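Okay, structure first, notes after.
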Amino acid sequence: MQSGIILFILIFISVSAGATAVEQPCSRNFDVGVADYPPVFMREKGRRVGIGVDIGKELFRRTGCNFAVVEFTRPVAITRMRQGRMDLFLLVGSEYEFNEMATFVKITEAERSLTYLTSLKKSFPSVESLLADKKMRVGVMIGSHSTWTPEELATLNAEGRAVGAPNPEGLFKMLKAGRVQAVLFPTATTLYYLNKLKMTSIVTRLPDPVHSSSVGYVYSNRRLAPKEIEMITKHMEAMRADGTLKKIFDKYFESNSPVFRTQ
């Protein structure tokens with residue numbers, strides 16, 4: 001009888017120990033901002049879809065934490081990050097705008113393309129040659145470098161040749177209307193909007209073999225604890241390594257496009 005009681009106690013202790021070892025469900029709610037334009041974010045038949053939305057869903061699936069995705073313009077996103085009202089922002093085409101307030105993590109390299117009007121009857125063999133032409137006005141996304149390097153953008157601003165638009169679609173619409181003569185943007189996004197706006201026959205596109213654009217996400221330096229940073233970094237890297245990110249990009253861009261190198 002006594003041995004039976006001892007055995008029962010040992011089993012109870014073993015079960016209790018096992019129960020406490022089970023990982024607790026994640027109760028963290030991450031405030032995630034995404035760029036408010038296709039294909040990062042868009043609405044289709046009332047559904048919220050896009051690269052940023054899909055990445056948020058995949059992070060939820062892998063961690064159990066809630067990643068509340070809300071679309072913002074770049075200037076609003078920068079303000080919210082500065083005020084400590086955002087944990088993550090997806091996706092970022094350059095790492096300059098969020099300096100000091102957030103940490104940039106690259107997930108891919110994107111080729112950039114110079115797109116200019118064929119009606120100009122000019123040939124630009126490089127981005128540098130366009131910069132050297134003082135008559136060329138270019139579209140630049142407000143609150144973003146639009147893949148221009150800081151030095152290139154400084155030149156354009158100093159010479160009054162940069163014309164702002166709130167999003168990529170606005171850039172290409174300005175180009176189509178002739179308000180600007182050129183746009184520099186990641187190749188995959190460029191091809192997306194040229195097709196969407198039916199512009200392929202009126203422009204010349206020049207891929208840039210010299211400079212590429214880093215694409216990734218930023219996390220708040222104020223809001224995330226070291227363990228949270230480690231968790232998100234681990235799962236984002238796993239998504240890159242196992243091909244999940246590539247599948248997400250391919251879903252919205254041309255399949256197996258070489259301009260987004262996630263592998």
At a 10 Å Cβ-Cβ cut-off, how would you order CYS26, CYS65, fewest neighbours first?
CYS26, CYS65
What does the charge dipole of the stretch 111-212 about its Cα centre add up to, to the nearest 20 debye, if the Cβ of each Lys and Arg holds +1 and the Cβ of each Asp and Glu holds -1?
560
Farthest positive-ward along the chain dipole, Cα basis, beta-carbon charges - from THR204, MET81, ILE232
THR204
If I fit a long axis through the Cα atoms of helix 187-196 and take the longest principal axis of the Cα atoms of the chain, what angle between them do I get, 0 to 90°, rounded to 10?
70
Which of LYS198/LYS234; LYS121/LYS247; LYS135/LYS251; LYS134/LYS198; LYS176/LYS234 exceed 31 Å between C-alpha atoms? The answer is LYS198/LYS234; LYS121/LYS247; LYS135/LYS251; LYS176/LYS234
Ascending count of other beta-carbon atoms within 10 Å, so fewest first, for MET86, MET231:
MET231, MET86
Among beta bridges that DSSP assigns inside the chain, antiparallel share in %, nearest 5:
65
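Computed from the coordinates by the stated procedures, all read-outs in this text should not be read as laboratory data. This structure is a prediction, so every number in the text was calculated from the model and none was measured. Positions of Cβ are backbone-derived with ideal geometry, glycine not excepted, and every protein chain shown enters the neighbour counts.
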